[in-house]
Amino acid sequence: MHLLDIHFHQNVFHWSSSEIAVWYKHHRYYYSPIRNLLTEDQNLRKQVQREERLHNQITALQKASAIESSTPELDEIAKELQETQKTYASNEHALYKAECLLHPILKDAYIKLRRDATWFMREGLVQDCADRGGCCGRQCGCCAKRHLSKRRRRGEGHCTTECGCCISFRGYDLPKEEKDKISSEFVGMLESRLSPHFINLANGYISPAKPHGLGKIESWWKELFGPDYYDKKVM
Ligand SMILES: [Zn+2]
Ligand SMILES: [Zn+2]
Ligand SMILES: [Zn+2]
């Protein structure tokens, strides 16, 4: 038996020796439908965060120029927002399609996890957001509050290159080419041989298993939301 196929009883994902399949609860599953799910989820989050940011920019500009209802800058952002809004339906549908193509056992676990609106505040995903320079590495609490925005039904989750708070913190917006490069690097990381990043995200998005070893993030959340908050969110 190959070393990768020994611990297949576990409730978490890990690579099988075939390198195109992962073990999860006694069975092997092709990795590609999970990869598609992760990339479509990221695309939708980018879209929703971009919309949110443009909306906030418009509101701020309208407040600043209370008398003038139209300025060249405001018109430009409004146009950008309109263009972005047009792509929501296709991004939402792409995620729906990826969800439909998940194996029923994985889909069942995926759906159960999402009964909690803040399902994505799990250690592996919070840590990944912090490591990427996202809001979970600071004390703003944006990700935990993101599901409260009622603008869009889907697209909740951690920061992307379109997060307004991350852009403000960085002090500048990345050019489109740079954002596209980061997106394709994300896919490349999921597709690299026996990718640990893929396993971390697959566990975060699907597995109900409680992750081990809470670190600095835990104490930040406890500080922000009270001693019981983080424990309730980490399943
Ligand atoms: Zn933030
Ligand atoms: Zn952010
Ligand atoms: Zn985050």
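Key figures for this structure:
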{"quantity": "Which numbered condition residue 168 misses (of (1) under 15 Å from the mean Cα position of the chain (by Cα); (2) assigned to a helix (DSSP H, G or I))", "calculated": "(1)"}
{"quantity": "The stretch 106-165: number of residues that are among the small types (Gly, Ala, Ser), under 21 Å from residue 207 (Cα atoms) and open to solvent by less than 40 Å² (accessible area, probe 1.4 Å)", "calculated": "6"}
{"quantity": "Some residue of the stretch 99-120 being among the small types (Gly, Ala, Ser) and touching a Pro at 6+ places or on another chain (Cβ under 7 Å)", "calculated": "yes"}
{"quantity": "Options 115, 153, 193; residue that is closer than 20 Å to residue 91 by Cβ, modelled with pLDDT under 95 and in a loop (DSSP other than H, G, I, E, B)", "calculated": "153"}
{"quantity": "Residue satisfying all of: in the stretch 166-189; open to solvent by 70 Å² or more (accessible area, probe 1.4 Å) and polar (S, T, N, Q); nearest to ligand 2 (Cβ to nearest atom) among these", "calculated": "168"}
{"quantity": "Where residue 120 falls short, out of the listed (1) away from ligand 3 (no atom under 16 Å from the Cβ); (2) in contact with a Gly (Cβ under 9 Å, 6 or more places away or on another chain); (3) of a type in the set (Phe, Trp, Tyr)", "calculated": "(1)"}
{"quantity": "Scan of the stretch 123-143 for residues that are within 8 Å of ligand 1 (Cβ to nearest atom) and either assigned to a helix (DSSP H, G or I) or among the aromatic types (Phe, Trp, Tyr) (or both), ordered by number", "calculated": "135, 142, 143"}
{"quantity": "Test: residue in the stretch 62-73 that is aliphatic (A, V, I, L, M) and not in a helix (DSSP H, G or I)", "calculated": "yes"}
{"quantity": "Test set (1) away from ligand 2 (no atom under 16 Å from the Cβ); (2) in contact (Cβ under 8 Å) with a residue 40 or more places away in the chain; (3) farther than 18 Å from residue 152 by Cα - residue 128 fails condition number", "calculated": "(1)"}
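The values are calculated or read from the model by the stated rules, or taken from the named source; none is laboratory data. Please read these numbers as outputs of a predicted model, since none were measured by experiment. We place every Cβ from the backbone using ideal geometry, glycine too, and count neighbours over all the protein chains shown. Surface accessibility is based on the protein's heavy atoms, side chains included, excluding ligands, DNA and RNA. Shrake-Rupley method; radii C 1.70, N 1.55, O 1.52, S 1.80 Å.
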